[in-house]
Amino acid sequence: MDEITPGAGLGNGVATGRQAATDPFAAFGLPVLGLRDYWYPVLAAWKLRGKPKKVMALGEELVLFRDGQNVYALDNRCPHRGARLSLGKCQFKATVSCPYHGWTFNGAGECVAAIMEGPESKIPGRAKVKSYAATQRNGLIWIYLGDGTPPAFEDDVPNLIADRSTFFTISAWTDYACNWRVLADNWTNEHHGPYVHGNAPELFFQPVPPFNLTLSVVDHGNGRSMGVRGEGGINSAEFPGLGSFPPSKWHRFMKPHGRGVRGNWHETPAYKEHGVQTPTQSRLPGMVIVARPHAEYFLIQWLLPIDANNTRLFNINCFKRMGLWREIKDRVHYALYRGWAHDWIFSGQDKKVVESVIIGPEMLSRTDVGLIGWRRFVGRHAHKDAP
Amino acid sequence: MDEITPGAGLGNGVATGRQAATDPFAAFGLPVLGLRDYWYPVLAAWKLRGKPKKVMALGEELVLFRDGQNVYALDNRCPHRGARLSLGKCQFKATVSCPYHGWTFNGAGECVAAIMEGPESKIPGRAKVKSYAATQRNGLIWIYLGDGTPPAFEDDVPNLIADRSTFFTISAWTDYACNWRVLADNWTNEHHGPYVHGNAPELFFQPVPPFNLTLSVVDHGNGRSMGVRGEGGINSAEFPGLGSFPPSKWHRFMKPHGRGVRGNWHETPAYKEHGVQTPTQSRLPGMVIVARPHAEYFLIQWLLPIDANNTRLFNINCFKRMGLWREIKDRVHYALYRGWAHDWIFSGQDKKVVESVIIGPEMLSRTDVGLIGWRRFVGRHAHKDAP
Amino acid sequence: MDEITPGAGLGNGVATGRQAATDPFAAFGLPVLGLRDYWYPVLAAWKLRGKPKKVMALGEELVLFRDGQNVYALDNRCPHRGARLSLGKCQFKATVSCPYHGWTFNGAGECVAAIMEGPESKIPGRAKVKSYAATQRNGLIWIYLGDGTPPAFEDDVPNLIADRSTFFTISAWTDYACNWRVLADNWTNEHHGPYVHGNAPELFFQPVPPFNLTLSVVDHGNGRSMGVRGEGGINSAEFPGLGSFPPSKWHRFMKPHGRGVRGNWHETPAYKEHGVQTPTQSRLPGMVIVARPHAEYFLIQWLLPIDANNTRLFNINCFKRMGLWREIKDRVHYALYRGWAHDWIFSGQDKKVVESVIIGPEMLSRTDVGLIGWRRFVGRHAHKDAP
């Protein structure tokens, strides 16, 4: 599955007949199956219980299992005869046993028993499966998908996630039928927003955000993240002979608030108190951090490449801890409104367009500056972390 | 999908293991994905409403959209970032806009606005998608699937369709899970009829039509159509040691009428008044015209290659206009009987056999003269229309 | 379908991304699509009635048809135009007719009539399809899947099946989503039993059978079958730092009986009276014969390779004829217990593990001696039968 199937997942009754003739990402060095040597979220923690569980990540098939709060990730194939460990069970504490002959592996991938050969067997100590560092944080299972020594979790993921004393998080996830690079592109380009999300509940009672901005890429200088600064722009336009955008609607009467507001970013608490350089930050290995000016809420959208044609998206909502009553309010607000309005409706609008993309030749323009910047940034910085 | 999948569409739980080792059509020059540079019906007109719609034709993915009675067909892939235009909307009159950033194309495939870049954008006038001539006639959407200047619709399609003052039409359609060439073969060979359609309602109360005819190909001399003349033949036979065909049935007592009748074609109104040279005419780019002797009704079966393994068949029933009461009678008769008896049951019998064909080596015989003539005719005349 | 699809049939929503890099069977000469030149069961006899029926075997597509108790098997593709004979009908006695033009073939694959060409046609005597020897025995349809002269059925299949005066049989079947070689492996290796089948109803109230046996391969000297002798072994073990196997359960209090018993095989009626050399015999072209010491019951598990990724398994239960009352008892016992306990539950446990295997590199050990012996045996003896 390291070949791109155009239109995979669209559920078309009839295949498209279209081949991805060229891969515009390849020129920038963006691999089809995702960037290795990073921590990734892979699964909601509550989905891993007493039984081993298969997950796909970066085109590989892994098995997860847990011992209380400790979680482990191994290659899913038993080296003995090739059976899937994920169909086995956690026979002994902190191990997974192959369903076929009970070869039993600990979290380091070491065979600690070959049950059907008895305790005298010579297999333990010889057999081994590849293991991956894994941890459970923020209600998610995270795996270091790489081959060398993993960096500390706290050094590799944003503070918003790692620093649980300052922020708490609520996460949702969805699988997208597209290559990860098409989804990451979507985040570096402010210009689809007013068009794709024009009718999103979050923007319903306010003008659409500006478009036709003049963009410049802001390298945050940390080797991990960059942003795109937009200046100028317009909120509506008349297209001669065609009509106006956005179409006038009865509900567009309010002043901008929330996402719709544009002020001087350098005057915001987000910048002044927290040093957030740009309202959105695209970050390796494939995420976007969306800041609010007041810096009391951040949204992290973090993708996990599943295979060449599928990507899992985690929406990690980060709320600043501001006392018990505020936390209750934030959780109720998420449950009743934000989870629906953003993680379901707003993200669903992106899902529709990115899943519709047929990878091939492109015609980029001045409003694609952010996307070009991102692709270059990845080509330059991937695998060379400086957290 | 320009590779033939044997048995595709048969819904077998288990794949067949059989490969199409040889393609007997290739020797005659019949392309897998259909003949280009012809008008084809692609969709019932009522299925195209205010939203753009995807269709597959000749292995290509197109988007249709309409402005009142004007219909347009473009390549479905936006040149900007590759999103499918068919998932966009008709934002402005007589245009389709890409769902991602609102690049807007008119029916000629010219970009007339890049909405997210505002009215000053340099993209319009530069970006372009391939467009196809399209028209709405006889309740169907037609596209000229070719690359050069399209001939006038009236010059390319049979008069039965183009001349709406003399004929009115009622159309039905079905998708076949077979390559188009297998379906076209089916029309040039009278000899499957008595066998495949022996129990069709149309032939129920009459003898089966003759078989074992002596065939000769009749080139109509117009570069577009040919027919097959059958002479002699038998209506039943005793096969020594086996039994008789057709098996005697209680309902075979009536004299032939309708399709069962065989007279001297040159005495019929169809020939004398309308110059119809043969009762069935196989015609480029892939259709058969079945005439009745009285010339008051014709059936056109017109195929649209979807991809290598799927073909859409339009049954276009052409009725001579003979006054209001006769039209009402014809429409009621179609609704109550003919639509069911022919377009559903009779065509369904063909569907079953052509979908069962595994393309590969053949052993043609004297009764396949029509089929050989058709394949040769296509090889000689395709792309060189003389309407 | 002569390519292995790893994980095919597992019903995963997302493909695995794993390729079968190496095929450990190839080194031994075990072909992907099964061993030719043997009789195989292909279908329950009651499933073949008055209509022709398609079956897949060894990667080929065949049509079966019957005339009373006589059954016939032909290649499923009509040589005329490639239609599937299985969609035709048995128009005349002991023949199948193609659905397209009525080319009619007898059980030898000879065309005996080309119905649409009448009785004078030159086709009969010229057209031919490949035919396979076929017979109906023990409630199953059997085909000799080979190219030369078939050996007599009685000489090729075990006496337990061929000798109907001594044994009667009851058969069940299931399709496995795995390559046949993975299933055959499963039978030569005693060591998965205690692990995979520990909770099988057959073993519920008794200790698990011994594991960690010392194995030796017993060539039965007939060129058709071999067995594996196991000596020593243990019934339970404590794994330091992990725990014990099997886990103690309330129901493990009875003494071994049935499958659980281990005695001196050379003292049993099976050996002394019937010459059965080993309790289980792996036999070409892909079956296992499981004997009971009392020799009143045998189970034959016989596989039919369907294609590279699918295998049909027949469980043929062989009961010694010991009078009417005993036969009634055996049949009732099968209907009420054994069919469920073994053919459904016990075999289903094997199905789960063999379907989970990803063919690739292996790490075989001392308890895989039987499997290595079997692969070598096949490589040495396949196609060189000495029945």
Within region A:341-387, tally of residues that are under 21 Å from A:TYR40 (Cα atoms), among the small types (Gly, Ala, Ser) and in contact with a strand residue (DSSP E or B) (Cβ under 8 Å, 6 or more places away or on another chain): 1
Residue check for C:PHE298: in contact with a Cys (Cβ under 6 Å, 6 or more places away or on another chain), in the same structural domain as C:ALA177 (by TED's automatic domain parsing) and in a strand (DSSP E or B): yes
Every pair of residues 6+ apart whose Cβ atoms lie under 7 Å, when the first sits in region C:191-205 and is assigned by TED's automatic domain parsing to the domain that holds C:GLY348 while the second is outside any helix (DSSP H, G or I) and of a type in the set (Phe, Trp, Tyr): C:HIS191/C:PHE211; C:HIS192/A:TYR100; C:PRO194/C:PHE211; C:VAL196/A:TYR100
B:GLU61 being acidic (Asp, Glu), over 30 Å from B:PHE377 (Cα atoms), within 11 Å of another protein chain (Cβ to nearest Cβ) and crowded, with 21+ Cβ neighbours inside 10 Å: no
Single unsatisfied condition, B:PHE25 versus (1) modelled with pLDDT under 95; (2) surrounded by fewer than 21 Cβ atoms within 10 Å (Cβ to Cβ); (3) more than 10 Å from every other protein chain (Cβ to nearest Cβ): (2)
Pair list, Cβ < 7 Å and 6+ apart or interchain, from region B:47-62 residues that are farther than 15 Å from B:LEU140 by Cβ to residues that are part of a helix (DSSP H, G or I) and modelled with pLDDT of 95 or more: B:PRO52/B:LEU85; B:PRO52/B:SER86; B:LYS54/B:SER86
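Could you look through region A:331-387, keep only residues that are of a type in the set (Lys, Arg) and in contact with a helix residue (DSSP H, G or I) (Cβ under 8 Å, 6 or more places away or on another chain), and pick out the one that is surrounded by the most Cβ atoms within 10 Å (Cβ to Cβ)?
Applying the first criterion (of a type in the set (Lys, Arg)) to region A:331-387 yields A:331, A:338, A:351-352, A:366, A:375-376, A:380, A:384.
With the extra rule that they be in contact with a helix residue (DSSP H, G or I) (Cβ under 8 Å, 6 or more places away or on another chain), the set shrinks to A:352, A:366, A:375-376.
Working: A:LYS352: 15, A:ARG366: 15, A:ARG375: 22, A:ARG376: 15.
Per the stated criteria, the residue is A:ARG375.
Taking region C:319-330, which residues are surrounded by fewer than 19 Cβ atoms within 10 Å (Cβ to Cβ) and aromatic (Phe, Trp, Tyr)?
Once the filter is applied, which keeps residues that are surrounded by fewer than 19 Cβ atoms within 10 Å (Cβ to Cβ) and aromatic (Phe, Trp, Tyr), region C:319-330 yields only C:TRP325.
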Residues within region A:282-321 that are over 8 Å from the mean Cα position of the chain (by Cα) and within 14 Å of chain C (Cβ to nearest Cβ), tallied: 7
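Check A:ALA177, A:ALA237 and return the single one that is surrounded by 17 or more Cβ atoms within 10 Å (Cβ to Cβ), facing another protein chain (nearest Cβ under 9 Å) and either on the phi < 0 side of the Ramachandran plot or without any contact (Cβ under 8 Å) to a residue 60 or more places away in the chain (or both).
Among A:ALA177, A:ALA237, only A:ALA237 is surrounded by 17 or more Cβ atoms within 10 Å (Cβ to Cβ), facing another protein chain (nearest Cβ under 9 Å) and either on the phi < 0 side of the Ramachandran plot or without any contact (Cβ under 8 Å) to a residue 60 or more places away in the chain (or both).
Yes or no, residue by residue, for (1) facing chain B (nearest Cβ under 10 Å); (2) without any contact (Cβ under 8 Å) to a residue 40 or more places away in the chain:
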position	(1), (2)
A:PHE346	no, no
A:ASP350	yes, no
A:VAL353	yes, no
A:ILE359	yes, no
A:ARG380	no, yes
A:HIS383	no, no
The one condition in (1) in contact (Cβ under 8 Å) with a residue 40 or more places away in the chain; (2) crowded, with 24+ Cβ neighbours inside 10 Å that C:PHE105 fails to fulfil: (1)
Residue identified as charged (D, E, K, R) and within 7 Å of chain A (Cβ to nearest Cβ) among B:ARG81, B:ARG126, B:ARG49: B:ARG81
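Conditions tested, residue by residue: (1) out of contact with any strand residue (DSSP E or B) (no Cβ under 7 Å at 6 or more places or on another chain); (2) surrounded by fewer than 21 Cβ atoms within 10 Å (Cβ to Cβ); (3) among the small types (Gly, Ala, Ser); (4) more than 9 Å from chain C (Cβ to nearest Cβ).
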{"residue": "A:ARG77", "(1), (2), (3), (4)": "no, no, no, no"}
{"residue": "A:SER86", "(1), (2), (3), (4)": "no, no, yes, no"}
{"residue": "A:TYR100", "(1), (2), (3), (4)": "yes, no, no, no"}
{"residue": "A:VAL112", "(1), (2), (3), (4)": "no, no, no, no"}
{"residue": "A:ALA134", "(1), (2), (3), (4)": "no, no, yes, yes"}
Checking A:ARG259 against (1) in a helix (DSSP H, G or I); (2) at pLDDT 85 or above, the condition it does not meet: (2)
Unmet criterion (only one of (1) farther than 22 Å from A:ILE345 by Cβ; (2) in contact with a strand residue (DSSP E or B) (Cβ under 7 Å, 6 or more places away or on another chain); (3) within 12 Å of chain B (Cβ to nearest Cβ)) for A:GLY243: (2)
Residue list for region B:190-212, filter: surrounded by 21 or more Cβ atoms within 10 Å (Cβ to Cβ) and either of a type in the set (Phe, Trp, Tyr) or in contact with an Asp or Glu (Cβ under 6 Å, 6 or more places away or on another chain) (or both): B:TYR195, B:PHE211, B:ASN212
Residue among A:LEU74, A:LEU140, A:LEU87 that alone is more than 30 Å from A:MET287 (Cβ to Cβ) and in contact with a helix residue (DSSP H, G or I) (Cβ under 7 Å, 6 or more places away or on another chain): A:LEU87
Residues of region C:147-165 classified as crowded, with 19+ Cβ neighbours inside 10 Å and within 18 Å of the chain's Cα centre (by Cα), total: 5
Top-ranked residue of region C:220-232 - restricted to ones that are crowded, with 19+ Cβ neighbours inside 10 Å and in a strand (DSSP E or B), ranked as farthest from the other protein chains (Cβ to nearest Cβ): C:SER225
Verdict on C:VAL182 being crowded, with 21+ Cβ neighbours inside 10 Å, aliphatic (A, V, I, L, M) and within 14 Å of chain A (Cβ to nearest Cβ): yes
Residue within region B:186-195 that is under 27 Å from C:GLY118 (Cβ atoms) and away from chain C (no Cβ under 14 Å) present: no
Selection count, region A:284-295, where residues are in contact (Cβ under 8 Å) with a residue 24 or more places away in the chain, assigned to a strand (DSSP E or B) and surrounded by fewer than 22 Cβ atoms within 10 Å (Cβ to Cβ): 1
Unmet requirement for A:PRO31, which otherwise passes all of (1) in a loop (DSSP other than H, G, I, E, B); (2) under 15 Å from A:LYS130 (Cβ atoms): (2)
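So that you can scan it fast, the table gives a plain yes or no per residue for (1) modelled with pLDDT of 90 or more; (2) closer than 27 Å to C:PRO158 by Cα; (3) of a type in the set (A, V, I, L, M):
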| residue | (1), (2), (3) |
| --- | --- |
| C:PHE205 | no, no, no |
| C:THR214 | yes, no, no |
| C:VAL218 | yes, yes, yes |
| C:GLY227 | yes, yes, no |
| C:PRO240 | yes, no, no |
| C:GLY243 | yes, no, no |
Flag for A:GLY263 being of a type in the set (Gly, Ala, Ser) and more than 19 Å from the chain's Cα centre (by Cα): yes
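The values are calculated or read from the model by the stated rules, or taken from the named source; none is laboratory data. No experiment lies behind these values; they were computed from the predicted model shown. We place every Cβ from the backbone using ideal geometry, glycine too, and count neighbours over all the protein chains shown.
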